[in-house]
1. Take Asn157 and Arg37, extend 7 Å from each Cα along the Cα→Cβ direction, and tell me the distance between the two endpoints in nm.
2. Highest mean first, what order results for 139-146, 34-41 on Cβ atoms within 10 Å?
3. Using only the Cα atoms of region 12-53, build the gyration tensor, take square roots of its eigenvalues as a ≥ b ≥ c, and label the shape rounded, prolate or oblate: rounded if a/c is under 1.5, else prolate if a/b is larger than b/c, else oblate.
4. Which length gain, in nm to one decimal place, applies between Lys170 and Asp138 when the Cα-Cα distance is subtracted from 0.36 nm times their residue separation?
Amino acid sequence: IVKGLWDYIKAHNLQNPDDKREILLDDRMKSVFGVDRFNMFSMNKYIGAHIHPYKPVDLTTTSASKKRKEDGGGEKKAKKPKVKGKPGQQAPYRLSSELAAVVGKPILPRPQVTQALWAYIRRNNLQNPEDKREILCDDALRAVMGGESKVTMFTMNKYITPHMLEKLDKSAYTHEEAEKEESAEEDSGDEAEEE
């Protein structure tokens, strides 16, 4: 249909000579589409209104003006702030002895494993100074990273997964920040009782 329409447009010289993207409709096409002109990008919208199954299409407005109205005049929407989940919501894993030696704990949820790995990498200055995406493995980290002498920050996770041996119940691990919040609540409760 579109190819046939383009053949008709070219045969009747209906492209705007100043802007070839714009189609100036003749009387025959005006009776079909109900507008004087449209551009090559909105042509499918006008054609779609005439093809079964007929979708209701507002042919009186352009799609660009409709979007601007919905956006409130073309202004950019403010980004919603990212909601950070409470620590300790993820299930913890029993870690291999190799990974536990690097992160310092035998049981951790995956986000804390990643956090502890990065702390280890920074503490031991294992990032390649010429390419910060590259991690230069020491002996302990090499045991976790499949014997590789260097890995990238993007491939690190595939080496970590086999060292996360068993998914445990959430009760097997209490996040340090959650512990701090609980002890702070208990301390404020004790102070209130003393008064």
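What follows is calculated from the coordinates using simple rules that are stated; it is not laboratory data. The structure presented is a predicted model; accordingly, all values stated were derived computationally and were not measured. Glycine also receives a Cβ, built like all others from the backbone with ideal geometry; neighbour counts cover every protein chain displayed.
1. Label at Asn157, label at Arg37, 5.0 nm between them.
2. 139-146, 34-41
3. Oblate, since a/c reaches 1.5 and b/c is not below a/b.
4. 8.3 nm
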